[in-house]
Amino acid sequence: MTWYSIDAVDTALKRTKSALIDPFNFWKWIKFGIIIFLLGGGGGGGGSNFSGTGQDFSGIGDSGETLITDSQFLEFREMFTQFLDIYLIFILLGIGFFIGIIVFLSYISNVMEFVFVHSLVTNVVTFWAYTRKYLRQGFNLFIIRFVLGLAFLSILIISMLPIVLPILDSPGDFHIGMLIGGIFLLIGVLLILAIISGIIESFINLSIPMSMYQNTGIIAAFKKVLGLFKADWKQIVVYWVVRFFLRLIVGIIVGLAALILFIVVFGIIFMLGLILYLLLSWAGLGMEDAVFWVIMAPFGLVAYVLLIVFFLLVSVPVPVFMKYHMLSFLKSWYPESGIPFFELAQEK
């Protein structure tokens, strides 16, 4: 039996080489980097840091000891109510602005899904033209993901009600056992939702090129992918396993190469900056002198621009390869998908 996801690895490598290296095009890499950044691939996980919350649990005894009394809870609620009365309008405006930015960026990210796929399939990156072309399809995808996000959030909230409601009804009964139980419940629910979300997103990603090149809606394409999955589910399961290890291996290789390149390039920039600083100091110019900043500020600006360019460039190879792998798998798994790869166009 042929496993299309395994065969697609070699094809993806060849297409990645053709798109990025043969020949190398600096501005093409930059445009790919901008697309990937707008997709969200340039951002990290942004984990929370709880190390400095200032909470002190040293006085907690056994699991039956309460963490807060009723009087303390009422006092805190009164203070919180007074705070809301004063700053409610500003809080709402801030929240509204923040949500608006998130919604806009999410919409742009969904448009970039189509722009990225079409750029890879054609091996031609025309940012604005492709963006205008896929505004409507990106909006439809945004609505679908928005509804799914609300559904997952609702499930998360409902699943936490058995823990939250008793605490709100009787805060005096809150103890460390309830806290630990709530944490484990939250982790379990998040893990289940993450698995379900990952499966759905995998189907959506396979549906995007199908909707583009079969001139159909994203929901119709999604149903088609589900039908193919039911008929040949083993291929998708192997595809998920291969994707997991590919992302791990390729990410490590490219990450190490990027780290070495970063050390070399910015080590040289750092040395040049240090030499320039020492020369200015030798000339009697310090940080309090305007001439010092007239010379050092442009150097710092150039270094900053180079840093941005560097991160745009190193963010390109892994997403390009992984997307080519997905597209190559889909083309082999479902030849009627109609994906017009640039090699096929050249052969004709």
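Every number here is computed from the coordinates shown, using simple stated rules; none is lab data. Note that this is a predicted model, so its numbers are computed, not measured. For neighbour counting, all protein chains shown are included, and Cβ atoms are generated from backbone atoms with ideal geometry for every residue, glycine included.
Remark: for residue pairs Lys17/Lys224; Lys17/Lys133; Lys31/Lys223; Lys230/Lys331; Lys133/Lys323, the C-alpha separation exceeds 24 Å in Lys17/Lys224; Lys17/Lys133; Lys31/Lys223. In order along region 144-161, the phi-based Karplus estimate (6.51 cos²θ - 1.76 cosθ + 1.60, θ = phi - 60°) of 3J(HN,Hα) comes to 4, 5, 5, 5, 4, x, 5, 5, 5, 5, 5, 4, 4, 5, 4, 5, 8, 4 Hz; Gly and Pro are listed as x. Coupling constants for region 291-296 follow from the phi torsions by the Karplus curve (6.51 cos²θ - 1.76 cosθ + 1.60, θ = phi - 60°), and in residue order they are 4, 4, 6, 4, 8, 6 Hz; glycine and proline get x.
Put a dot 7 Å past each Cα toward the Cβ at Lys234 and Gln82; how far apart are the dots in nm? Result for the modelled spin labels: 7.1 nm. Taking Kirkwood radius over Cα pairs in Å as calculated from this structure, the corresponding entry among (1) 24.9; (2) 23.1; (3) 21.0 is (1). Between the beta carbons of Ser18 and Leu165, assuming R0 = 51 Å, the FRET efficiency works out to 0.30 to the nearest 0.05.
A simple packing score, the average count of other Cβ atoms within 10 Å per residue, orders the peptides 99-109, 10-20 as 10-20, 99-109, with the highest score first.
In terms of the mean number of neighbouring beta-carbon atoms within 10 Å, the peptides 235-246, 282-293, 114-125 order highest first as 114-125, 235-246, 282-293. Along each principal axis, taking the top coordinate minus the bottom one, the Cα set of region 251-340 gives 72, 23, 15 Å in descending order.
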